[in-house]
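Structure record follows, encoded as structure tokens.
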Amino acid sequence: MDAEELLRRYADGERDFSGISLVDANLANMNLSGIALSGADLRGANLRETNLSGANLAQANLSTANLSRANLSNACLEEADLSDADLLEVDLEGANLARANLWGADLSDVQLIDANCTSANFSITFLVDANIEGANFQGAQIDTAIFQMQRILFTDIINRYAAGERNFSGLIVESPNCSRERRSWDLGQLKGLDLSGIILRNSSILELGPYMNGVILRGADLTRVDFDQSNFEGADLSNAILRETRFFQSVFAHANLSGADLTGAGFSEGSFWCADFSRAKFNKARIGSFSFICNNLTEATFKKARLHSVYFEKAKLTRTDFREADFGVKDSVFGGDFRDCYFEETLMPDGSVRNNS
């Protein structure tokens, strides 16, 4: 069953769709109040601003789904998997979240009034400005949840990292020249600094942006970090998690992002020069006014990505997967968007395979 069939049958009065699979389905801005989706596979689904009030989503898999601003009031989410889901400004008033897994989810500005959260997993969950009045958290794992952003000097992070600490989620990270230490930094200050595996989810590091060139962040968790106007020239971000991160006018010349997970990330007004994106995931990424120049995109995937006003020049596109990508202008993908690129078993948006002739 696809999304269109579900909506048609729902409009005809059917309500029980338990156990269906709608991975990555687009059901945004729909009225699905009272629907039964218990045990359904809705991983990565777009349910933004959808009315799911009173819905039965018990044991449903909503991992990485977009539920921002959805209405889930009085819904049953018992034992549902909401890990890494976007629940920004969701209405969960009176909802049943007993034993639900919300690991790493973004619940900022959420309404949890009178919600049943008993024995739920809120580890590394972002709950800044959440309304939890009357909610029951008995037995819940909530000790690592983030309820407010705290300011910390980057030098303190370096010292604590050296001592073995890795989780620095939900912090506003400041550079010394903007703080009490009052000393200036030079470009390249952090070159070679190894912060592999650090966790900075939902953190703000804007003040450090110009100094990130050459830093080593292999395998780091940088989910939803704002990297606008950052300089990552020569940085090592291989296998890093950069889901839903923002890159506006950011520099990635000669950077290593092989195996990086950039699912749902936003890129605008910039260029990637001579960077390694082999095996990188750009699935559902939003890329606009951007260029990929001399990049290695071997086995990179762009499933359901939006690439508007984007072009690739002298890029290596061996087994690159563009299936289901949206290039805005229907036919330009076969023309001006690719300039002097190397094609080898490249999967195009229409499913065709392209090779250099």
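Across the chain, the relative contact order, built from alpha-carbon pairs under 8 Å that are at least six residues apart, equals 6 percent.
Counting heavy atoms of the protein chains only and a 1.4 Å probe, report the per residue accessible area for the chain as a whole number of Å².
For the chain, the solvent-accessible area averages 42 Å² per residue.
In order along segment 61-67, phi translates into HN-Hα couplings of 9, 10, 4, 6, 6, 9, 10 Hz, rounded to whole numbers, per the Karplus curve 6.51 cos²θ - 1.76 cosθ + 1.60 with θ = phi - 60° and x for Gly and Pro. In percent, rounded to a whole number, the relative contact order of segment 51-170 is 17, using alpha-carbon pairs under 8 Å and six or more apart. Normalising the average separation of contacting C-alpha pairs (under 8 angstrom, six or more residues apart) by the number of residues puts the relative contact order of segment 247-357 at 19 percent. Taking the accessible area of segment 226-302, probe 1.4 Å, and keeping the other protein chains in place, the carbon and sulfur fraction comes to 47%. Here the Karplus relation 6.51 cos²θ - 1.76 cosθ + 1.60, evaluated at θ = phi - 60°, turns the backbone of segment 341-354 into coupling constants of 8, 9, 10, 8, 6, 6, 8, 8, x, 7, x, 6, 10, 10 Hz, with x for every Gly and Pro. When the residues LYS303, LYS284, LYS191 are ordered by accessible surface, computed with a 1.4 Å probe over the protein chains alone, the sequence from largest down reads LYS191, LYS303, LYS284. Overall, the accessible surface of segment 8-60 at a probe of 1.4 angstrom is composed of carbon and sulfur to the extent of 39 percent. Amide H to amide H, with H built 1.01 Å from N, SER204 comes under 5 Å of LEU171, ILE172, VAL173, counting only residues 5 or more places away or on other chains. Per-residue accessible area (protein heavy atoms, 1.4 Å probe) orders CYS294, CYS117 as CYS294, CYS117, starting from the largest.
Ordering 241-250, 87-96 by mean Cβ neighbour count within 10 Å, with the highest value first, yields 87-96, 241-250. Once you order the gyration tensor axes a ≥ b ≥ c over the Cα atoms, which shape class does the chain get: rounded for a/c under 1.5, otherwise prolate or oblate by comparing a/b with b/c? In terms of gyration-tensor shape, oblate. Using a probe of 1.4 Å, the accessible surface attributed to GLU207 totals some 70 Å² when neighbouring protein chains are kept in position.
Add -39500 (n - 2.57) for each DSSP H run of 4 or more in the chain, then divide by its residues: what number comes out at 222 nm, to the nearest 500 deg cm²/dmol?
Details: 2 runs with 18 residues, N = 357.
Calculated from helices alone, the mean residue ellipticity at 222 nm is -1500 deg cm²/dmol.
For segment 260-273, putting each phi into the Karplus relation 6.51 cos²θ - 1.76 cosθ + 1.60 with θ = phi - 60° gives couplings of 5, 9, 10, 4, x, 6, x, 10, 8, 6, x, 9, 9, 10 Hz, in residue order, rounded to whole numbers and with x for Gly and Pro.
Accessible surface ranking for LEU347, LEU27, 1.4 angstrom probe, highest first: LEU347, LEU27.
Solvent exposure of TRP103, expressed as accessible area, is near 90 Å², computed with a probe of 1.4 Å over the protein chains only.
Summarising the strand pairing of the chain, around 5 percent of its internal DSSP beta bridges are antiparallel. Under a straight-distance cross-link criterion of Cα-Cα below 20 Å, which lysines are reachable from LYS304, leaving out those fewer than 8 residues away in the same chain? Partners found: LYS281, LYS284, LYS330.
The values are calculated or read from the model by the stated rules, or taken from the named source; none is laboratory data. These figures come from a predicted structure and were not determined experimentally. With ideal geometry, Cβ positions are generated from the backbone for all residues, glycine too; neighbour counts draw on all protein chains shown. Just so you know, the surface numbers come from the protein's heavy atoms only, side chains and all, with ligands and any DNA or RNA stripped out. Shrake-Rupley method; radii C 1.70, N 1.55, O 1.52, S 1.80 Å.
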